[in-house]
1. Only one of these is crowded, with 18+ Cβ neighbours inside 10 Å and either under 19 Å from S76 (Cβ atoms) or at pLDDT 95 or above (or both): D122, D117. Name it.
2. Can you name the condition, by its number, that Y96 falls short on among (1) touching a Leu at 6+ places or on another chain (Cβ under 6 Å); (2) closer than 25 Å to N205 by Cβ?
3. Can you report the number of residues in segment 207-222 which are surrounded by fewer than 19 Cβ atoms within 10 Å (Cβ to Cβ) and farther than 17 Å from D103 by Cβ?
4. Being out of contact with any Pro (no Cβ under 9 Å at 6 or more places or on another chain) and assigned to a strand (DSSP E or B) is the filter; apply it to segment 77-101 and report the residue that is surrounded by the most Cβ atoms within 10 Å (Cβ to Cβ).
5. Of the numbered conditions (1) within 20 Å of Y98 (Cβ to Cβ); (2) touching a residue at least 24 places away in the same chain (Cβ under 8 Å); (3) assigned to a helix (DSSP H, G or I), V195 satisfies every one except a single condition; which is it?
6. Considering only residues that are of a type in the set (G, A, S) and touching a residue at least 60 places away in the same chain (Cβ under 8 Å), which ones fall in segment 1-46?
7. Inside segment 140-170, can you point out the residues that are at pLDDT below 90 and either outside any loop (DSSP other than H, G, I, E, B) or touching a strand residue (DSSP E or B) at 6+ places or on another chain (Cβ under 8 Å) (or both)?
8. Listed residues N211, N187; which is farther than 18 Å from I130 by Cα and at pLDDT below 95?
Amino acid sequence: MTSKNKYALIIPSFQNNVGYKLAALHTYLKHKPKNLDVFFIYGGNKNFEISNSSTNNGKPYILYKDIYLDVPDRISTVHKKLYKFISKYKNTLKKYEYVIKIDDDTFINNIDIIDFDKIKGDYIGNKIEITSDTEDIIRSKLRNLKYYKERKKYEGKLPQFFCSGECVMFSKNAIEIISKYKGSYKNEIFGIEDVFTGGILSTENMKIHNNKLIMYEHPVKENDFYKLYSSHYEKEEKMLEHK
């Protein structure tokens, strides 16, 4: 039975990473369920969207959307790109039960068999704890990542826990909290989005749940998408054909 619930998969990327986008579209995304909408989000000096369509049984069918936002397109401002997307498209995102965010070098092994209706909780992913051993490293990355003229460490507040950004799921409630947040994390010029997002959600004491549904590989080189596709999808198809 097909679920009536809708879900969104958002993939922050860069225009010079088009190879990863094509690799995803030519591999695991070919098997995405129809109730999962896909958004690739980019920075740059643009602020518009492009729908990429196909047909399914003669009916128009949106494969994915490219969203271009007026944010510098560099790795140190991915947090701004993510938050601007959530803010600008907050009304669109209300129709989705969950929003799943992955990195563009993440390969999903089981997108064709995931029962998204079984996702539970508001904030789901690979839980990371900031400890006395890792705090100094994280503070340096938050300020120095790809911006080598600035040598000061980030001195602001940090969450105790956050979900690593390669694959994380947010409920409607979590998306609303992020969209309404006006504090310091959104105002930081440089940062790592998964740490700051964890900080935003921790302000509402949001509990982290471990991901038990989406199986993935990360980080994955562009050419290895096709090898993984052969292992996780084509072999299964051939086995079904021989039954």
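The values are calculated or read from the model by the stated rules, or taken from the named source; none is laboratory data. From a predicted model like this one, the values you see are computed outputs, not experimental measurements. Here the Cβ positions follow ideal geometry from the backbone for every residue, glycine too, while neighbour counts run over all protein chains shown.
1. Being crowded, with 18+ Cβ neighbours inside 10 Å and either under 19 Å from S76 (Cβ atoms) or at pLDDT 95 or above (or both) holds for just one of D122, D117, which is D122.
2. Failed condition: (1).
3. Residues meeting the conditions: 5.
4. I100
5. Every listed condition holds for V195 apart from (1).
6. S3, A8, S13, G19, A23, A24
7. S140, K141, L142, R143, N144
8. N187
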